[in-house]
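First up is the structure itself, then whatever we jot down about it.
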Amino acid sequence: MPESRPRNGQTLAERAAFVREQARWIRKRALRMVFDARQGHPGGDLSATDALAALYFDVMRYDPADPRWAGRDRFILSKGHATGALYSTLALAGFFPQEELTTYMQPLSRLNGHPNRNKIPGVETNTGPLGHGMPVAVGIAIAAQIDKADYRTFIITGDGELQEGSNWEAAMTAGHRKLSSLTLIVDRNRLQQGAGTEDTVGLDPLDDKFRAFGWDVVEVDGHDIEALLPLLDGSIRHDKPLCIIANTVKGKGISFMENKASWHHGVPNAEQYEQAMKELDA
Amino acid sequence: MSSPVTQKSGLFDCRDAYVKTLEALGAADERIVAVVNDSVGSSKLGGFRDRFPERLINVGIAEQNMVGVGAGLANGGKVAFVSGASCFLTGRSLEQVKADVAYSQANVKLCGISSGVAYGELGPTHHSIEDVAWLRTMGDITVLVPADPWETEQCIRAAAAMDGPLFIRISRMGVPALPRPADASFTIGKAEVLREGGDGAILANGTMVCRALEAAEALAAQGISARVVNMCSMSPIDEEAILAAAQTGAIVTVEEHSVRGGLGSAVAEIVSQNTPCRMKILGFAGFQPTGSAEFLMEHSGLTAPNIAAALRGLLGR
């Protein structure tokens, strides 16, 4: 079975350092995509990047040359608007040429604002409308359960997205069926499009909600790779689905974007872009 | 009004053909799973559950989840038959049908049980007279409306054999087995001429096909030769058969569906841009009043005598 990244002999610190370098590249590439396209969702790209990098460059097994290999681990980006980060990650992982990222949202590009599995290798299901990833991930995990297969299924949802009821239908099914191959990462940046989640329709206590639905729940700093990796890499056994509440910062890594709802789909001007790139290189 | 379809004997519930076929397919192919929304009984899937307990996935009363789970099972290599009352399967989950199934091209077979006005007195919340219109606009999903048990079985077999999204209406209304030659075959995208005729054509699908045949019989007695075409495959649709029907000069369409967006609309889209001819679209005008399914069909003129009268009207005879 292909391993995306052999971990043998590496310390946690070495693994984390490797993932961090990939995350830095993804952040810069995603921001350039948004800058060039003059549109996108940079705030949510940047908050989800570290989890994406951890999954694709340490945790998941997959084969870019055979993207629908039956034994692959599956990843679903339920917050489908974070395509700057997703496409950068998939290109870096070798699913399609990195040069193609320059076509992001250009006319007839396959790199649409939201991902299309029939056009982009590595995408499992077409997301965009919120609340769609969880049910599909639950279906995949049920298929694995029926087949006694050992592949795993990972989802990243936004936090505001959890206001969609379909997530909770799926969460109930996952808890009921003890879908232990399922891992949900909640990108808990506490901001939705226009305001804070807790000022809109509060989600807290989010951990208790998932526990009540039959999940194991852990809370972590979503930008602390060394903390994320042991939670994700299967070294802790679960007999329930696992919810990782990843406390993140919307716009993470760029001082003037951090924690600002306006950067949900804001686009930097040339001066801001230059400053942002400097900060990401620092 | 008395017609053969109002008699109870010799009529079939297409759900029986559906589950019998699904069980046979399931025995031969382990990839086949059924997903339900607490609808084991109304989908008649108790037998499937007893034979393949692990492959009957009941997600509870949660239709959005049901359709997404179906797409996920397909991702995991399963052939997912997602089965629920058509009104909820399509209406409640329309965005899941669009994004997770049609747009994603997932290998999911959506089985809309008790479509049309089968739920009668339970009212418009439970009627499903919009489903074909909603799904037909997506283009990337096959839409089938079988007319009898044989055709239901063929549709289910074709659904399992093809890789991709599909919606099929499965009626609980009693329908007769349609007369067919022994070598009859079913092909997605092909219409079926059940009766030849040149004075005009009646295009129908689902529970209306037997009534269309009955109307043609009555018209024949009056010296009018009406072609009857079974339009089971709504998407893709058989343009050639529709254009040939238009050559007769008059088309009546009949469907257990809204007159907006269904069979009549689909036929008009093709006829109007190629071979314009006179048309009459029979179906439901909108939300229906209280009444049994049979009453509602009569109330909206979905009867053999009214179908015959509609064609005579177009012909001026």
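The values are calculated or read from the model by the stated rules, or taken from the named source; none is laboratory data. Everything numeric in this text was worked out from a predicted model, so none of it was measured. Counting neighbours? That spans all protein chains shown, and the Cβs are built from the backbone with ideal geometry, glycine included. To get the accessible areas, we keep the full protein, side chains included, count just its heavy atoms, and leave off ligands, DNA and RNA. Shrake-Rupley method; radii C 1.70, N 1.55, O 1.52, S 1.80 Å.
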Checklist entry - buried (at least 18 other Cβ atoms within 10 Å of the Cβ), free of Cβ contacts under 8 Å to residues at least 60 places away in the same chain and small (Gly, Ala, Ser): does that describe A:ALA85? => result yes
Condition first: assigned to a helix (DSSP H, G or I), open to solvent by 30 Å² or more (accessible area, probe 1.4 Å), among the small types (Gly, Ala, Ser) and within 11 Å of chain B (Cβ to nearest Cβ). Can you find one or more residues in the range A:151-166 that meet it?
yes
Here the qualifying pairs (Cβ atoms under 9 Å; residues six or more apart or on different chains; first in the range A:112-132 and at the interface with another protein chain (Cβ under 7 Å from one of its Cβ atoms) and farther than 22 Å from A:ASP66 by Cα; second polar (S, T, N, Q) and open to solvent by less than 40 Å² (accessible area, probe 1.4 Å)) come out as A:PRO129/B:GLN96; A:HIS132/A:SER78; A:HIS132/A:THR125; A:HIS132/A:ASN126; A:HIS132/A:SER166; A:HIS132/B:GLN96
The strands (runs of 3 or more DSSP E) lying wholly within the range B:161-250 that contain at least 2 residues that are open to solvent by less than 10 Å² (accessible area, probe 1.4 Å) are B:166-170, B:200-204, B:226-230, B:233-235
When restricted to A:ARG15, A:ARG61, the only residue part of a helix (DSSP H, G or I) and away from chain B (no Cβ under 14 Å) is A:ARG15
Restricting attention to the range A:7-20, the residues that are exposed (fewer than 14 other Cβ atoms within 10 Å of the Cβ) and farther than 18 Å from A:ASP221 by Cα number exactly 4
Checked pairs for the range A:233-259, first over 15 Å from A:PHE154 (Cα atoms), second acidic (Asp, Glu) and in a loop (DSSP other than H, G, I, E, B), C-beta under 8 Å and 6 or more apart or across chains, list as A:VAL249/A:GLU258; A:LYS250/A:GLU258; A:GLY251/A:GLU258; A:LYS252/A:GLU258
Restricting attention to the range A:68-95, the residues that are within 18 Å of the chain's Cα centre (by Cα) and part of a loop (DSSP other than H, G, I, E, B) number exactly 10
Is it true that B:GLY261 is open to solvent by less than 10 Å² (accessible area, probe 1.4 Å), under 15 Å from the mean Cα position of the chain (by Cα) and on the phi > 0 side of the Ramachandran plot? no
Here the qualifying pairs (Cβ atoms under 6 Å; residues six or more apart or on different chains; first in the range B:96-109 and hydroxyl-bearing (Ser, Thr, Tyr); second assigned to a loop (DSSP other than H, G, I, E, B)) come out as B:TYR103/A:ASN126; B:SER104/A:ARG117; B:SER104/A:THR125; B:SER104/A:ASN126
A:VAL136 fails exactly one of (1) in contact (Cβ under 8 Å) with a residue 60 or more places away in the chain; (2) in contact with a strand residue (DSSP E or B) (Cβ under 7 Å, 6 or more places away or on another chain); (3) outside any helix (DSSP H, G or I), namely (3)
Output for Cβ contacts, cut-off 9 Å, separation at least six or different chains, first residue among the acidic types (Asp, Glu) in the range A:17-35, second assigned to a helix (DSSP H, G or I) and surrounded by fewer than 24 Cβ atoms within 10 Å (Cβ to Cβ), reads A:GLU21/A:PHE57
When every residue in the range B:86-98 that is open to solvent by less than 10 Å² (accessible area, probe 1.4 Å) and aliphatic (A, V, I, L, M) is compared, the one nearest to B:GLU54 (Cα to Cα) is B:LEU89
- Message: Checking the structure you have, find out if any residue of the range A:46-57 is more than 27 Å from A:PRO129 (Cβ to Cβ) and either of a type outside the set (Lys, Arg) or free of Cβ contacts under 8 Å to residues at least 60 places away in the same chain (or both).
- Response: yes
Over the range B:62-77, the set of residues open to solvent by 10 Å² or more (accessible area, probe 1.4 Å), more than 7 Å from every other protein chain (Cβ to nearest Cβ) and of a type outside the set (D, E, K, R) is B:ALA74
The residue that is nearest to A:ALA144 (Cα to Cα), considering only those in the range B:47-61 that are aliphatic (A, V, I, L, M) and surrounded by fewer than 23 Cβ atoms within 10 Å (Cβ to Cβ), is B:LEU56
Checked the range B:272-299 for anything surrounded by 17 or more Cβ atoms within 10 Å (Cβ to Cβ) and among the aromatic types (Phe, Trp, Tyr); matches are B:PHE284
Subset of the range B:119-137, residues in contact with a strand residue (DSSP E or B) (Cβ under 8 Å, 6 or more places away or on another chain) and either surrounded by fewer than 23 Cβ atoms within 10 Å (Cβ to Cβ) or of a type in the set (Asp, Glu) (or both), comes to B:TYR119, B:HIS126, B:GLU130, B:ASP131, B:ALA133, B:ARG136
Only one of (1) in contact with an Asp or Glu (Cβ under 6 Å, 6 or more places away or on another chain); (2) open to solvent by 30 Å² or more (accessible area, probe 1.4 Å); (3) more than 14 Å from A:ARG190 (Cβ to Cβ) does not apply to A:ASN247, and that is (3)
Expected single match for farther than 27 Å from A:VAL123 by Cβ, touching a helix residue (DSSP H, G or I) at 6+ places or on another chain (Cβ under 6 Å), away from chain A (no Cβ under 14 Å) and of a type in the set (Gly, Ala, Ser) among B:SER86, B:SER39, B:SER114, B:SER43 is B:SER86
Subset of the range B:154-206, residues touching a residue at least 40 places away in the same chain (Cβ under 8 Å) and charged (D, E, K, R), comes to B:ARG157, B:ASP163, B:ARG169, B:ARG172, B:LYS190, B:GLU192, B:ASP199
### Any chance B:ALA245 is at pLDDT 95 or above and under 15 Å from the mean Cα position of the chain (by Cα)
no
Of the residues in the range A:153-167, those that are without any contact (Cβ under 8 Å) to a residue 60 or more places away in the chain and within 14 Å of A:THR197 (Cα to Cα) come to A:ASP159, A:GLY160, A:LEU162, A:GLN163, A:GLU164
Those residues of the range B:14-51 which are in contact with a strand residue (DSSP E or B) (Cβ under 7 Å, 6 or more places away or on another chain) and assigned to a helix (DSSP H, G or I) amount to B:CYS14, B:ARG15, B:TYR18, B:LEU22, B:LEU25, B:GLY26, B:PHE48, B:ARG49
Sole miss for A:SER235 among (1) open to solvent by less than 30 Å² (accessible area, probe 1.4 Å); (2) at pLDDT below 95 is condition (1)
